[in-house]
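Working notes for the structure below.
The values are calculated or read from the model by the stated rules, or taken from the named source; none is laboratory data. Here the structure is a predicted model, which is why all the values come from computation and not from measurement. Every residue, glycine among them, receives a Cβ derived from its backbone with ideal geometry; neighbour counts consider all protein chains shown. For the accessible areas, the whole protein counts, side chains as well, though only heavy atoms, and no ligand, DNA or RNA atoms are used. Shrake-Rupley method; radii C 1.70, N 1.55, O 1.52, S 1.80 Å.
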Amino acid sequence: MVRRSLSASPPPRSVKRPKFEHLTKEDFKNGVFLAPMVRSGALPTRLFALKHGATLVWSPETVDKAILHAKRDVDPVTGVISYNGVSRAIFTTHPVEKPYLIFQIGSADPELAVQAARTVMEDVSGVDLNCGCPKPFSTHAGMGAALLTSPDLLCSILTALRNAMPPEITVSAKIRLLPSQEDTLKLVERIINTGVSCLTVHCRTRNMRDREPALIERLREIVDFVEGMGKGVAVVENGDCTGWEDARRVREATGAHSIMIARGAESNPTCFSETPLQDLERVLWPSYLRLARYLDNYWGLTKFCIAQFKGQYVTMKKSEATQLRKTLSQSKSYDSVADMVGNEWTGEEVFQEIVQAIKARPPREHRILMPDSTVVTQHIVKEGVTSHSTPNGPQFNDHTPMASDTPLEDTIEGILTPEGTQNPEPPGPGAPFLPSEIRRPQPAIITGHDALTPTPTPGGSVSTL
C-alpha cells in the first residue's frame, strides 16, 4: 500500500487530550457493538459506526503471524496508524477510536497470540480471540471455530492473554454454539474462568450459515448461567440483529447484556442509530469516499465496503442507484468516482465532524436497551452509576458541544447521540459547533458531509436527531 511520506508532512497540531479511562467489564454491558468483519470492518466503517451510535467496535480478525511481521507507521497528517505488510496495510486504526476499539486476533498458539496482542496493545483497548469463524481461511490452521473442538487450547490462549496483558487491556472471546447446550455451557464455564471481561456468542453452530435463522432462544440459559457464576462477565448476543430497533427485540428475547451487529452494519454502518441513514448512495457514499481517501484507505477495500451498503430509496429512484453502482463497479481509483463527490474531496472536514461527535460523548456513557423501548442514557463515574431516562429516549442534536470535563449535571440536556469515545490523540483540535451555528441539513453530495442519521417522517420530510 502506498502511504504518504512520513518526512515531508508538517507535524500534527497540538491539542488538549482528554483523560482516557480504560474499559472495564461494565463497558461491555448495555450497548450495541460493531461485529468483527473481514474487509467490511475497515477503519472508515468503524468511524461511521461510532459517529452513529456504536458503543464499541471490533476490528476485523487479524492472524497473529501477520501482525507480527507488519511494520507500524503513523501518518503525521491524519494520525492514522498502519500496520503495513508487503503491499498494503494489514490493520489500520486511529487514536480517536482507541478507547472503544477491540482488536480481534486469529490464533491457535498461546505464545503467538500474546506476541500479537503486545504488538498492538498501545493502539487498542482490548483484545478478542476469534473462536467462532467457520470460514476455511480461519479454521485451516486450527483457529476460529476450530478452537471449539479444542477447549484446552482455546482456554490456554485466553489464560495466556489475560496473564500477559496489563489490567487496562481487556480480554474477551467470540464463540459459536455447540450442537449440545450442555456442551456449550461446559465450554462457557471454562472460558469465564480464564478471566475474560466479555463473551460474545454467535447464536449459530459451526455448520450453520447466515441463511439459517440464529438460535437466539438458546442464549437466555447461557446468560443466566454466566450471571450465576457471579464474575460480572458480559454476554453479548450476535446473530440476526439488523439494527438499533431490532436490538431491543433480541435483547428482550435473550436477556443478553449487549447486542453485536454484523450484516446489518455491513449493509448500513449507521444502523446503530435510532434513525439510520437511507438513500445511502446519495447520502453516505460521498462522505464515506471523502473520508476514506483522506485516511488513505486502500481503494479496493473502500470499493468493497461501499458495494455492500444497502439502504431504502426515499428521495432517489432505484434506477439512479443502479447507475451509481455500475459506475462504482467499473471504477479503478478514487479519481474515477470524483463525480460522486462533486469533485469536492473534503475528507478532512468529514473526519473532523466524526472527531467532534466522538469527543462530545462524556466518559463511560452507554445507551441502555430496555425491553419497553425506553432508552436510558447512563453515565458511569468513579463514585458510582447515575442513570437518566426519557419516555422516548434521549433527544440529541448534531452540534451540541460537550467538553469531556463538563460536570455530569450539565450534560443531560442537549447531549449528542452517543457515538464515540474519548479522544486521547486526535490529529487536530477542531471546535464543537455552537447552537447558534446549527443549520438545516443539506444533501451530502452538495455539502460534503453526511447529516447525522436523518430519516423520513410519515409526512415525507426529513427529521434529524
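Of note:
- Filter pass, ARG282 being buried (at least 24 other Cβ atoms within 10 Å of the Cβ), in the same structural domain as MET340 (by the TED database) and not β-branched (Val, Ile, Thr): no
- If the condition is being over 17 Å from THR242 (Cα atoms) and small (Gly, Ala, Ser), then the range 43-68 contributes SER59, ALA66.
- Consider the range 306-325 and keep the residues that are in a helix (DSSP H, G or I) and under 20 Å from the mean Cα position of the chain (by Cα). The one that is nearest to MET340 (Cα to Cα) is ILE306.
- Pair list, Cβ < 6 Å and 6+ apart or interchain, from the range 177-191 residues that are farther than 12 Å from VAL201 by Cβ to residues that are among the hydrophobic types (A, V, I, L, M, F, W, C): ARG190/CYS155
- Test set (1) free of Cβ contacts under 8 Å to residues at least 40 places away in the same chain; (2) on the phi < 0 side of the Ramachandran plot; (3) in contact with a helix residue (DSSP H, G or I) (Cβ under 8 Å, 6 or more places away or on another chain) - GLY255 fails condition number: (2)
- The residues in the range 289-305 that are assigned to a helix (DSSP H, G or I) and touching a helix residue (DSSP H, G or I) at 6+ places or on another chain (Cβ under 6 Å) can be counted, and the count is 8.
- Screening the range 336-348 for residues that are more than 28 Å from the chain's Cα centre (by Cα) and open to solvent by 50 Å² or more (accessible area, probe 1.4 Å) and picking the one that is farthest from GLU266 (Cα to Cα) gives ASN343.
- Residue match in the range 363-376 (condition: among the charged types (D, E, K, R), on the phi < 0 side of the Ramachandran plot and either open to solvent by less than 50 Å² (accessible area, probe 1.4 Å) or at pLDDT 50 or above (or both)): yes
- Screening the candidates SER59, SER125 for the property of being surrounded by 19 or more Cβ atoms within 10 Å (Cβ to Cβ), modelled with pLDDT of 95 or more, small (Gly, Ala, Ser) and under 23 Å from TYR294 (Cβ atoms) yields one hit, SER59.
- Verdict on ARG88 being at pLDDT below 95 and touching a helix residue (DSSP H, G or I) at 6+ places or on another chain (Cβ under 9 Å): yes
- Within the range 227-255, tally of residues that are at pLDDT below 95 and in contact with a Phe, Trp or Tyr (Cβ under 6 Å, 6 or more places away or on another chain): 1
- Test: residue in the range 135-146 that is open to solvent by less than 30 Å² (accessible area, probe 1.4 Å) and closer than 28 Å to ALA253 by Cα: yes
- Lone qualifier among ALA70, ALA108, ALA89 - being open to solvent by 10 Å² or more (accessible area, probe 1.4 Å) and touching a residue at least 60 places away in the same chain (Cβ under 8 Å): ALA89
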